[in-house]
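The values are calculated or read from the model by the stated rules, or taken from the named source; none is laboratory data. None of the values given here were measured: they were computed from a predicted structure. Neighbour counts are summed over all protein chains in view; Cβ atoms, including those assigned to glycine, are modelled from backbone coordinates with ideal geometry.
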Amino acid sequence: MNDTPPAPRLARITPENVGAACDLRVHPDQERFVAPVERSLAEAYAAPSDVAWPRLVLAGGEVVGFVMGGFDPDSGIDAFRCGIWRLNVSAAHQGLGYGRFAVEAVAREARRRGRNRLTVLWVPGEGGPEGFYRGVGFSPTGQVLGDQVLGERFLNLDDVPGSPGGE
Ligand SMILES: CC(C)(COP(=O)(O)OP(=O)(O)OC[C@H]1O[C@@H](n2cnc3c(N)ncnc32)[C@H](O)[C@@H]1OP(=O)(O)O)[C@@H](O)C(=O)NCCC(=O)NCCS
């Protein structure tokens with residue numbers, strides 16, 4: 001028996017997959033930590049062009065995750081210049097490496113845009129994503145925005161970004 005989870009790949013949002021994207025659900029007790037995908041897609045639609053970078057994570061023919069990078073280099077708000085704005089891995093597919101894959105995809109896009117620092121905002125608390133973000137290389141900056149902690153990770157611009165497809 002092969003227990004290896006299906007390999008992830010990145011995909012743009014299309015008319016064919018947008019419904020499945022909006023159906024993605026985290027665990028009910030995680031909903032306080034992240035906006036639903038449909039809200040993120042509405043924000044991406046409303047953002048100036050080339051600022052929001054929404055992508056799906058597909059694996060085994062299913063939508064297993066959603067990630068949205070945000071790249072607004074001239075923003076007065078640190079967290080909006082180059083960061084992970086949203087990350088939702090479906091409840092049924094957590095713990096299989098798809099969240100880490102999504103973070104690396106945004107990091108690769110950030111490096112492609114010549115950025116060497118990636119941020120993320122998280123809501124602290126039991127059952128939240130803090131341990132995950134620390135595990136994938138983020139550290140708190142000490143800044144707080146509303147009820148969220150700002151984390152940062154420095155990127156090595158010498159790494160030549162490879163492509164997982166769908167970019
Ligand atoms: C947080 C989240 C994105 C993690 O995604 P995931 O696909 O389950 O994570 P991965 O399987 O890629 O885990 C990568 C590593 O982080 C660890 N990890 C995952 N969730 C963790 C948590 N909540 N606390 C501590 N470590 C965690 C894993 O054990 C794994 O460690 P390893 O590489 O040493 O084995 C997912 O749980 C989720 O969507 N949560 C609800 C929404 C949310 O909080 N989003 C973030 C908004 S800022």
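Looking at the range 81-92, which of its residues are in a helix (DSSP H, G or I) and within 14 Å of the ligand (Cβ to nearest atom)? Break it down stepwise before answering.
The first filter runs over the range 81-92 and keeps only residues in a helix (DSSP H, G or I), leaving 81, 91-92.
Answer for the range 81-92, where residues must be in a helix (DSSP H, G or I) and within 14 Å of the ligand (Cβ to nearest atom): Ala91, Ala92.
For the range 121-138, indicate whether the set of residues that are touching a Leu at 6+ places or on another chain (Cβ under 7 Å), at pLDDT 95 or above and not polar (S, T, N, Q) is non-empty.
There is at least one residue in the range 121-138 that is touching a Leu at 6+ places or on another chain (Cβ under 7 Å), at pLDDT 95 or above and not polar (S, T, N, Q).
Please determine, by comparing only the residues of the range 67-81 that are in contact with a Ser or Thr (Cβ under 8 Å, 6 or more places away or on another chain) and either of a type in the set (Gly, Ala, Ser) or buried (at least 20 other Cβ atoms within 10 Å of the Cβ) (or both), which one is farthest from Leu10 (Cα to Cα).
Narrowing the range 67-81 to residues in contact with a Ser or Thr (Cβ under 8 Å, 6 or more places away or on another chain): 68, 78-79, 81.
Pick out the ones that are also either of a type in the set (Gly, Ala, Ser) or buried (at least 20 other Cβ atoms within 10 Å of the Cβ) (or both) and you get 68, 79.
Details: Met68: 12, Ala79: 23 Å.
Among those that are in contact with a Ser or Thr (Cβ under 8 Å, 6 or more places away or on another chain) and either of a type in the set (Gly, Ala, Ser) or buried (at least 20 other Cβ atoms within 10 Å of the Cβ) (or both), it is Ala79.
Could you list, in sequence order, all residues of the range 17-59 that are near the ligand (Cβ under 10 Å from one of its atoms) and under 17 Å from Gly83 (Cα atoms)?
The answer is Phe33, Val34, Ala35.
Determine which member of the set Val57, Val26, Val106 is part of a strand (DSSP E or B), in contact (Cβ under 8 Å) with a residue 24 or more places away in the chain, among the hydrophobic types (A, V, I, L, M, F, W, C) and on the phi < 0 side of the Ramachandran plot.
It is Val57.
Scanning for something of a type in the set (Ser, Thr, Tyr) and either over 26 Å from Thr141 (Cβ atoms) or within 10 Å of the ligand (Cβ to nearest atom) (or both), does the range 69-79 turn up at least one residue?
no
State whether the residues of the range 82-90 include one that is buried (at least 22 other Cβ atoms within 10 Å of the Cβ), charged (D, E, K, R) and at pLDDT 95 or above.
yes
Would you tally the residues in the range 109-141 being more than 7 Å from the ligand (Cβ to nearest atom) and part of a strand (DSSP E or B)?
Count: 6.
Looking at Gly95, is it over 22 Å from Thr14 (Cβ atoms), free of Cβ contacts under 8 Å to residues at least 12 places away in the same chain and within 12 Å of the ligand (Cβ to nearest atom)?
Here the answer is yes, as Gly95 does meet what is asked.
Can you run down the residue pairs with Cβ atoms below 9 Å, 6 or more apart or on separate chains, where the first is in the range 74-86 and without any contact (Cβ under 8 Å) to a residue 24 or more places away in the chain and the partner is part of a strand (DSSP E or B) and aromatic (Phe, Trp, Tyr)?
What qualifies is Phe80/Phe71.
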